[in-house]
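Only one structure is covered here, and it is reproduced in the block below.
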Amino acid sequence: RKVSFVATEKIRIANLTCREVVGLGRAPYTDWLGRLLAGDRAVVERALAIVGMGDFADKALDWLSDGEVQRVMIARALCQQPRVLVLDEPTSFLDIRYKIELSAILLHLAREQGVTIVMSLHEIDLAARVSDLVMGIGTHGVEMFGAPEAVFTEENITQLYGISSGVYDALSGSMELPRAE
């Protein structure tokens, strides 16, 4: 099985266009000179289209927002045509627009393309909305695993995070803080 890993930190690659950065994902499939053939270029264009970056293909990566860079990096990973995509905090430092767009892209990849998405998130509310299965990892390793509605309960979240003041509201997916005195 092929597995692609995506670095979620902003990567600045001087003077490379989005197309060139995404093309780097084809490196394992190129000839010994690293040349992209017609089939490779088609894979690059398709990956850019999947993440909604086709119109940005000729823009330098340095000119993109964090959310746009994140989509380019996911397109680069998609160029390897993985069956599993592993993401570490893919929505960190993204504003709400890009969190929504990225979530939609990942749901499309999972549901329409059959790509298994494995990601670590600290955003419980987002994980509850986009995940089929979640795993709560605490100081002793895996502490809970199952459907979001079974794992994200007030009792489980209080235990997992060691919450001593305030309450996790499972219905809204938010934290209720104690009243200030």
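Derivation of every value follows stated rules applied to the coordinates shown; laboratory data play no part. Remember, predicted model here, so these are calculated numbers, not experimental data. Positions of Cβ are generated from backbone atoms using ideal geometry, with glycine treated the same way; all protein chains shown enter the neighbour counts.
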Residue separation between Ala60 and Ser165 times 0.36 nm, minus their alpha-carbon distance, gives in nm 33.1 nm
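Assigning unit charges at the beta carbon (Lys, Arg +1; Asp, Glu -1) and nothing else, what dipole magnitude in debye, to the nearest 20, does the stretch 50-113 show about its Cα centre?
Rounded to the nearest 20 debye, it is 260 debye.
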In the chain the DSSP beta bridges are antiparallel at a rate, in percent to nearest 5, of 50 percent
Here the gain from full extension of Leu133 to Ile100, 0.36 nm per residue of separation minus their alpha-carbon distance, amounts to 10.0 nm
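Would you mind calculating the relative contact order of the chain from Cα pairs under 8 angstrom and at least 6 residues apart, reporting the percent as a whole number? Present the calculation step by step, with values, prior to reporting the outcome.
On the way: 260 pairs, mean separation 34.8, N = 181.
Answer for the chain is 19 percent.
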Stretched fully, the stretch from His122 through Val86 gains (0.36 nm per residue minus C-alpha distance, one decimal, in nm) 11.4 nm
In debye to the nearest 20, the charge dipole size for the stretch 123-175, taken about the Cα centre with +1 at each Lys and Arg Cβ and -1 at each Asp and Glu Cβ, equals 80 debye
Which of (i) -0.44, -1.08; (ii) -0.56, -1.05; (iii) -0.72, -1.03 gives log10 I(q)/I(0) by the Debye sum over Cα atoms at q = 0.11, 0.17 Å⁻¹ as computed here? It is (ii)
Against the 2.2 N^0.38 Å rule of thumb, the C-alpha Rg of the stretch 106-153 sits at a ratio of 1.19
For the Glu181, Tyr29 Cβ pair and Förster radius 41 Å, calculated FRET efficiency rounded to 0.05 is 0.05
Per principal axis, largest first, the Cα atoms of the stretch 28-105 extend in Å by 41, 28, 18
Along the dipole axis of the stretch 31-181 (charges at Cβ: +1 for Lys and Arg, -1 for Asp and Glu; origin at the Cα centre), the most positive-end residue among Gly141, Leu121, Leu85 is Leu85
Between His108 and Asn15, the FRET efficiency computed from the C-beta separation at R0 = 35 Å comes out, to the nearest 0.05, as 0.70
